[in-house]
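Rule-based calculations on the coordinates, nothing more; no lab input. Here the structure is a predicted model, which means the values were calculated and not measured. As a convention, Cβ positions derive from the backbone with ideal geometry for all residues, glycine included, and neighbour counts pool all protein chains shown.
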Amino acid sequence: MLVESKKIKRYKNTYKTIKTAFDYRINNRIVERKTTKDFVVSIIDGRLFSQASRLKRHTETPFMVIEGIDLFHTGYKIDRQAIKGAIVSLSVSWQIPLIFSKTPCGTVEILIMAGMHEAQCGNDLLRRVGRKPKRIQTQKLYLLQGLPGIGPRTAKRMLEYFGSVEKVFAANERELACVEGIGKKKAVKIRGIMV
């Protein structure tokens, strides 16, 4: 089990310091930790969803830990509906699970549990869940979203750029990297599962 952190250093056997834009890495899963105050401030200043986008670009299955006692009483003037809307948007639209922790020690326990779960279940077969599309065009987009790091927008761009799923699958790394939202690293990952 690999659990890395740039903040928690007292569990030296479990955690290692890394330099990333994210708070934690558990195996290949990236975790963003926010205090309740930081979560609210990130809604107010508009950076929450750009952070969500960055999380989704760097890993298929990120999650966010929100740490603190009361999300709705942080001392900032913000409508409760805005906080609830952000929670729903992250969980449903962005598909980023939110886990709530009251204390830093609780966060450590969550990270350790997540690492242990990942180590035990990481090699199991994964079943795609949710509604399965019925229309051909939507099925094509759904198929492309199964590729590493590909979300709905990038899948649509890929289909528009190449014209068919078959051409996407036949494309080399250089051709894939020409699509907006796919860089060299992501193109390498995509080609890596196709060969």
- request: With no solvent and one equal point scatterer placed on each C-alpha of the stretch 136-194, evaluate the Debye formula and give log10 I(q)/I(0) for q = 0.18, 0.28 Å⁻¹, two decimals.
  value: -0.49, -1.30
field: Convex hull of the stretch 35-86 built on C-alpha atoms - directionally averaged projected area, nm²
entry: 3.6
query: Using the beta-carbon distance between E109 and V165 and R0 = 30 Å, what value does 1/(1 + (r/R0)^6) give for FRET efficiency, to the nearest 0.05?
result: 0.10
task: Using amide H atoms built 1.01 Å from N in the peptide plane, name the residues 5+ places from F100, or on other chains, whose amide H lies under 5 Å from its own.
output: I66
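Got the relative contact order for the stretch 136-194 handy, in percent, Cα pairs under 8 Å and 6 or more residues apart?
Over the stretch 136-194, the number comes to 29 percent.
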field: For the stretch 159-169, 3J(HN,Hα) per residue [Karplus equation, 6.51 cos²θ - 1.76 cosθ + 1.60, θ = phi - 60°, Hz, x = Gly/Pro]
entry: 5, 5, 5, 8, x, 7, 5, 4, 6, 4, 5
query: In percent, how large is the relative contact order of the stretch 32-115, given Cα pairs closer than 8 Å and 6 or more residues apart?
result: 36
- request: Counting only C-alpha contacts under 8 Å and six or more residues apart, can you give the relative contact order of the stretch 78-195 as a whole percent?
  value: 13
- line: Counting only DSSP loop positions in the stretch 40-96, the trypsin sites (Lys or Arg not before Pro) whose Cβ has at most 14 other Cβ atoms within 10 Å are R47, K77
query: Which whole-Hz couplings ³J(HN,Hα) result when phi for each residue of the stretch 44-57 is put into the Karplus expression 6.51 cos²θ - 1.76 cosθ + 1.60, θ = phi - 60°, listed in order with x for Gly and Pro?
result: 4, 8, x, 8, 4, 7, 5, 5, 4, 4, 5, 4, 5, 5
task: Give the long-range amide H neighbours of I30: residues separated by 5 or more places, or on another chain, with amide H under 5 Å away, using H modelled in the peptide plane at 1.01 Å from N.
output: T61, F63
